[in-house]
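The structure appears below as structure tokens.
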Amino acid sequence: MVKKTAPNVMARVAEIFEDSGMSLDELGRKMGYPANSARKSAWQFIHRTRDPRLSMLYRFAQAIKVDIKNLL
């Protein structure tokens, strides 16, 4: 079994987000961020996270409606 590194996981997160057609604001709200910071928080998660916590990947997967296995 090949273990994916965090940068590969985050590349997959970005790819899945782009394919979703969802806005950053919508993603952020669905991930549980307050409306006034949803867009910025989602952007930071996708573009600045280097070593994501499993809980954050789970929140992303739920928000975007994909199985978390697709990220790992």
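Any read-out appearing in this document is the output of simple, stated calculations on the displayed coordinates, not a laboratory observation. Keep in mind that this is a model prediction, so the values were computed, not measured. No Cβ is skipped: glycine too gets one built from the backbone with ideal geometry, and neighbour counts run over all protein chains shown.
Observations, loosely collected:
- Working from label points 7 Å from Cα in the Cα-to-Cβ sense, the Glu26 to Arg48 distance is 2.4 nm.
- Asn36-Leu72 FRET efficiency (beta carbon distance; Förster radius 35 Å; 0.05 resolution): 0.65
- The chain, helix-only ellipticity at 222 nm - DSSP H runs n ≥ 4, -39,500 (n - 2.57), divided by all residues, nearest 500: -18500 deg cm²/dmol
- Per-residue 3J(HN,Hα) values for region 59-67, derived from phi via the Karplus relation 6.51 cos²θ - 1.76 cosθ + 1.60 with θ = phi - 60°, read 4, 4, 4, 5, 5, 8, 6, 10, 6 Hz in sequence order (x marks Gly and Pro).
- Whole-Hz ³J(HN,Hα) from phi, Karplus 6.51 cos²θ - 1.76 cosθ + 1.60, for region 10-18, glycine and proline x: 5, 5, 5, 4, 4, 5, 5, 4, 4
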